[in-house]
Amino acid sequence: MAEAPMAPKIVLISGCSSGMGLATAVFLAKDAEKRFKVYATMRNLAKKGQLEEEGKEYLADTLIIKQMDVCSDESVEKAVKEVLDTEGRIDVLFNNAGVPLFGSVECIPISVAKEVFDVNFFGAVRLIKALLPSMKARQSGHIIINSSTTGIVGFPFVDIYAASKFAVEGLCESMASVLRQFDIRFTILEPGPVETDIAHAAEEIGKTVNFSAADQKTQTMMTGWMAGMHQMLQTAMKASEIAAIVKDIILSKSTNFRCQANADAEINKVIAAKLKDPVSGESIELMEKYLSDTIQKGGGKLD
């Protein structure tokens with residue numbers, strides 16, 4: 001007698017209107033062995049067009065699109081309940097929703113800083129809170145949180161964004177050892193620069209950033225840094241590459257807590273220096289050099 005096929009893993013993904021979330025949802029849904037059934041969620045269903053187009057062969061089969069706003073307790077609880085009522089379980093959470101923010105801290109209104117934290121940090125908290133009771137009851141599950149290399153080392157001029165990712169890292173580290181007592185896997189994904197449509201989100205949220213609030217030297221450095229980073233992003237990882245990494249994380253038996261996905265050798269040196277000796281100034285000195293080199297690539301120089 002042939003063995004019955006294994007039930008697909010039920011995967012809930014946030015932030016699927018574009019970028020890494022969209023790429024991962026489609027990549028998992030089209031798995032040839034149908035090992036995944038993906039609930040791809042987004043705040044605004046009016047933006048589902050690209051996901052529907054790229055995943056049209058899998059809609060209502062291995063790909064289900066749902067509305068979920070990670071900034072709303074009610075929306076998160078409703079979406080999670082609907083999936084649990086339908087499937088009886090959620091095997092994997094990929095918390096991907098996030099917004100970037102560029103600018104020195106004196107340029108950022110507190111209201112904008114709170115908005116970034118509401119998505120990047122409290123969005124993760126809401127989803128984890130909604131999912132944990134069912135995962136603990138089953139003593140099974142896998143939580144994957146999309147962080148950033150900026151959650152390990154603070155990059156210049158992304159002060160608030162880096163702070164939100166550092167907060168996510170602290171949340172995950174605090175929870176991981178406890179959740180192992182319930183056989184719940186916890187993975188934090190730390191990608192480097194990724195070529196995604198998140199730049200548009202950065203532009204939208206950045207409209208209220210007052211760059212003129214900074215002194216002239218800081219403004220000049222920010223301009224040079226931004227120009228240099230635009231050049232460097234031409235060799236950034238693709239969202240499809242991150243999608244493949246997420247699939248490997250889900251299928252792997254590894255219990256590694258961190259998965260670092262960064263192709264920038266210089267940033268990897270900064271990370272290694274910090275992790276090797278967190279009390280020394282080596283990582284800051286390396287980041288200062290990275291700042292100077294990046295501004296130079298943008299046509300300027302660090303005075």
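Structural remarks
- Test: Ala40 is in a strand (DSSP E or B), open to solvent by less than 30 Å² (accessible area, probe 1.4 Å) and either more than 27 Å from Gly192 (Cα to Cα) or not basic (Lys, Arg) (or both): yes
- Hits in segment 239-263 - residues which are touching a strand residue (DSSP E or B) at 6+ places or on another chain (Cβ under 6 Å), open to solvent by 80 Å² or more (accessible area, probe 1.4 Å) and modelled with pLDDT of 90 or more: Arg258
- Single match in Gly154, Gly224 (criterion: over 18 Å from the mean Cα position of the chain (by Cα) and either modelled with pLDDT under 95 or surrounded by 15 or more Cβ atoms within 10 Å (Cβ to Cβ) (or both)): Gly224
- Just one of (1) open to solvent by less than 40 Å² (accessible area, probe 1.4 Å); (2) touching a residue at least 24 places away in the same chain (Cβ under 8 Å) fails for Ala273. It is (2).
- Looking only at residues in segment 43-69 that are under 21 Å from the mean Cα position of the chain (by Cα) and basic (Lys, Arg), the one that is most open to solvent (accessible area, probe 1.4 Å) is Arg43.
- Pairs with Cβ under 8 Å, 6+ apart, first in segment 210-225 and farther than 11 Å from Gly298 by Cβ, second surrounded by 12 or more Cβ atoms within 10 Å (Cβ to Cβ) and among the aromatic types (Phe, Trp, Tyr): Gln219/Phe211
- Residue, nearest to the chain's Cα centre (by Cα), within segment 284-303, restricted to residues that are closer than 14 Å to Met229 by Cβ and open to solvent by 100 Å² or more (accessible area, probe 1.4 Å): Lys297
The values are calculated or read from the model by the stated rules, or taken from the named source; none is laboratory data. Keep in mind that what you see is a predicted model, and the values were worked out from it rather than measured. Virtual Cβ from ideal backbone geometry, glycine too; neighbours counted across all protein chains shown. Ligands, DNA and RNA are stripped out before the accessible areas are found, and what is left, the full protein with its side chains, is counted by its heavy atoms. Shrake-Rupley method; radii C 1.70, N 1.55, O 1.52, S 1.80 Å.
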